[in-house]
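Notes follow once the structure below has been shown.
The values are calculated or read from the model by the stated rules, or taken from the named source; none is laboratory data. The structure presented is a predicted model; accordingly, all values stated were derived computationally and were not measured. Using ideal geometry, Cβ is built from the backbone for each residue, glycine included, and neighbour counts are taken over all protein chains shown. Quick note on the areas: whole protein, heavy atoms, side chains included, nothing else; ligands and nucleic acids left out. Shrake-Rupley method; radii C 1.70, N 1.55, O 1.52, S 1.80 Å.
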Amino acid sequence: MGSPLPPEILEALTRGQTILTANQRAARTLRHAYDQAQQSAGETLWTPPAVFALDTWLPILHHQLTLDGHESRLLLNGTQEHTLWRAIIAADPAVSGLRSLDSLAEMAADAWQILHLHNGRTRLREFNVSTDTRAFQRWAEAFDRACARHACLAAAQLPAELTAALTAGNLVLPESGVALVDFDTIAPAYEQFFAGLPVDTIRITIPHPTRSLRPAQSEAEELRAAAQWARDFLDHAPTATIAIVVPNLADRLPQIDRVFSEIISPQAFEFSLGQPLAETAPIAAALNLLRWPFESLKLEAITPLLLSPFFDATTPEEAQAAAEFDAFELCRANLLRPELSLEAMIGLVRRAKRADRLTSLLNRLQSLGAPRLDSETWVQPHAAWADHFRQTLEATGWSAATNRDSISFQIHRRWESALDELATLDFDNSRPTAAAALQSLTRIARQAIFAPESRHAPIQILGPLEPGGTTFDALWFLSADDQNWPPSAPTNPLIPWHIQRDLGLPAADPIRNAALAQTLTNRLAHSAPEVVFSYARHIEDGERRPSPLLRALDLTTTDAHTETPHQPLQFDDFEDTESIPELAPGVTSGGARILELQAACSFRAFAEIRLHSTEPDSKELGLDARDRGIQVHEIMQLFWDQLHTQQALRDLTSSERDELLDACINEGIARAASAAKTPWEAAYLDVQRSRLRALLHPWLDFELTRPAFAVLQQEEKHLRTIGPLTLELRADRIDETQGGLLILDYKTGAASPSDWKSDRPDAPQLPLYAVLFEDADELGGLAFALLRAGDDLALKGFAGNPGVLDKPAKMDWATLPDQLEDWYRILANLAEAFAHNDPIADPKKYPQTCQRCGQRMLCRLDPTTLTNTEDDEESIDA
């Protein structure tokens, strides 16, 4: 499918003319249309047509001069030219650090191109105007000298050099000449070159098109209207070709893709705009693999590597092992910074619980780190580094994975071109380190744009400059408002304003810029029999009006297209009578959390415990709330392992207590301290030590105000059975008091005895420990130990006897045994429901229960079918 070959193009090709277009897409489209025309004529073999984009054709002529012996200078590609500019700017002592060297090099190359294409090179001596323009004057002179020294030529100088070669008779072109297709403007340097050739101008237009203006209330409505219009058009004309033209397409591409995918089959449209090669999945993986020997990778980059088919294991079992390692060990690793060096990653894999299943992963990681390449003394040519990078990726299995499908293969081929481009940087005989070579390769991959080979979908989504050289059956122009169209012309601060004005640059001449935009608008308005311009009246930043360029088109204003209703899909209902599998015999992993999840939502309990579905754990700088809570538990355990009783604490002097607490804090954070590798991490740990002292010193003061106690147990594991479940339980601490044993649960966050109420308690851990306590007759109470900064230090819980808690909570229960009996009934019911009931989505409190649930995508809960079942509960005062 595609646009037919315009007869004007076919006639020019028949005359032997070379067809030149303003952009690569137009050239590809015309070549494809020519091939289709040959196939339709029954031809089986034909010579490719002489159709080129202008910026492709000129280097071909330079190559011809080289082959004929009239030219010996190297024509620099973009990467080579950038390297020269960057080196020149880096050597300038007057350059400040406000802009990166790469951005300055790009700006300088752009200014150099502007000067040459507009015949302004001779005015370089007039640049003594400002600090920026004087800097460019120095750089340009140094660039000239560097080009002479290396015998090379910048692409911007090519038109003038070819003009000179044509005048001297060194460049001979066919007498039939060239045909310029849909050029809205031509730079003066090109005009001089074409002045020596027979040139025809071809305009591809549709006479007397139907044109309309369709305002919409919002951008979302405008976009949906365009998608619905395109769908309706294809429904009536399945073989039609449609153009959707969008100013600032790159900024709106995700939104457009989402809306069009919702309304139209994704196979029916494609974007002309590609994406940076470095952002494609295979190349992002390749660059991260190559970077890892030199610098630590963030966990957000390591996890995609472990799950990526482009760093793939050799068997499904190994792939599953890598995924489990990522989910259950890497994402839970004790890291102060969410990043890992290659050496640290190799160490984690070696120490993994199932390291025997990670042999393939370990081998691939080790292939990256051998030999080490971060030495500043190891230098070699760029071509040698390109070969080394290829071999490194081969060792990881990356190359084999890129042959799995057509898109990956095309990306791999483009990557090979990037490596070849890296090798061209040897033009100046430089010998970089591996890190410098990889930096150059990364920039090449970021600058290279990858677009899959066109499927010639019926709907083409394009930028305004791209539809030249072809026609469509229909065209819709989005965002044709006074803010987006015409776009403002870019300026270059390295060229003095008066020179920009004298050279007639669009940025310096608003009238010229508007005239060029009007020409382009008129051409687009004649590119299809039906043309629609649209805009949104209301935007977040204010009201919009139609672009003033539309006034000359005599448009008919109509309402924005409303969606055509479509018949909903018919679904077949069936009854699911299959029950969930029986629990495996023995201990059910998960402990008290099983009943906590079951009380919150039976499906969440099923998903997290039975299906092992876990929410991705995102790491941030430092220790998260879970890590800090674990540290407090460990420090308290260490402290009371030393003292055992309140009286022992009372007997300590202030300095002795501080010394013991500091020792326990240091031991408690020792694991985190072992991961500290930088001054920042060491300083962060010092802050954590101070925070823990400030938290735990007042807590120990509070412990002295309690009724007398002795610490009987800490963190001891016990197997207990409730209903059909056998669980491994571990109480944080059990104290012996005058009124009986007190079970404590440390909490560094909010907690209240009200969490124990109802048939679906929010925090069933302590009630579960209590009802399964083997010495029930000795149980005196249970409480949350709230270790929170400020005035929140407290024991909040329930006591059956005096002498257990100073201020037990006021509960509705007469005695502790009565409450234990009620809790046992509630918890046994939850255990029974988890083991045997259907795992339906039944959140206890909607929407609060669902807000922090990591299973919402898996359960596919439809919020519209839920009612708010939250019951008001009284808070229980301690």
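Length gained on full extension, Asp572 to Thr705: 41.1 nm, using 0.36 nm per residue less the C-alpha separation. Less than 5 angstrom separates the built amide H of Gln713 from those of Ile734, all sequence-distant by 5 or more or on a different chain. With the charge dipole of the chain set up from +1 on Lys and Arg Cβ and -1 on Asp and Glu Cβ about the Cα centre, the Cα lying farthest toward the positive end among the listed residues Pro7, Ala536, Leu700 is that of Pro7. Accessible surface area normalised per residue over the chain is 49 Å², counting heavy atoms of protein chains with a 1.4 Å rolling probe. Residue-wise HN-Hα couplings along region 267-282, as the Karplus relation 6.51 cos²θ - 1.76 cosθ + 1.60 with θ = phi - 60° gives them from phi, are 6, 8, 9, 8, 9, 6, 7, x, 10, x, 4, 5, 8, 6, 4, x Hz; Gly and Pro carry x.
Given a Förster distance of 56 Å, report the FRET efficiency between Thr122 and Ala355 from their Cβ-Cβ distance, rounded to the nearest 0.05.
On the way: r = 70 Å, r/R0 = 1.24.
So the FRET efficiency works out to roughly 0.20.
If I compute solvent accessible area with a 1.4 Å probe over the protein chains, what percent of it on the chain is carbon and sulfur? After summing per-atom areas, the C and S share lands at 51 percent. Each helix, a run of at least 4 DSSP H residues, gives -39500 (n - 2.57); summed and divided by the residues of the chain, these come to -13500 deg cm²/dmol at 222 nm. Per-residue accessible area (protein heavy atoms, 1.4 Å probe) orders Lys845, Lys807 as Lys807, Lys845, starting from the largest.
Amide H contacts under 5 Å for Ile539: Arg544, restricted to partners 5 or more places along the chain or on a different chain, H placed in the peptide plane at 1.01 Å from N.
Pop the C-beta distance of Ala584 and Leu362 into the FRET formula with R0 = 35 Å and round what comes out to the nearest 0.05. Can you show the working numbers first?
Details: r = 30 Å, r/R0 = 0.87.
That gives a FRET efficiency of 0.70.
Modelled spin-label separation between Ser758 and Ala400, with each label point placed 7 Å from Cα along the Cα-to-Cβ direction: 5.4 nm. Cross-link reach is defined here as a Cα-Cα straight distance under 26 Å, omitting same-chain residues fewer than 8 places apart; for Lys677 the lysines meeting it are Lys298, Lys353, Lys619. Loop-located trypsin sites (Lys or Arg not before Pro) in region 18-73 (DSSP state not H, G, I, E or B) with no more than 15 neighbouring Cβ atoms inside 10 Å do not occur.
In the chain, the DSSP beta bridges split such that about 40 percent are antiparallel, to the nearest 5.
Loop-located GluC sites (Glu not before Pro) in region 569-599 (DSSP state not H, G, I, E or B) with no more than 11 neighbouring Cβ atoms inside 10 Å: Glu575, Glu578, Glu582.
Note on Leu197 and Ile630: the model spin-label points, each 7 Å out from Cα along the C-beta direction, lie 6.9 nm apart.
If I take R0 = 60 Å and measure r between the Cβ atoms of Ala489 and Arg852 in this structure, what FRET efficiency does the formula 1/(1 + (r/R0)^6) give, to the nearest 0.05? Show your work: numbers first, answer last.
Working: r = 50 Å, r/R0 = 0.83.
Rounded to the nearest 0.05, the efficiency is 0.75.
Among the listed options (i) 242; (ii) 171; (iii) 222, the one matching volume of the Cα convex hull per residue in Å³ as calculated from these coordinates is (i).
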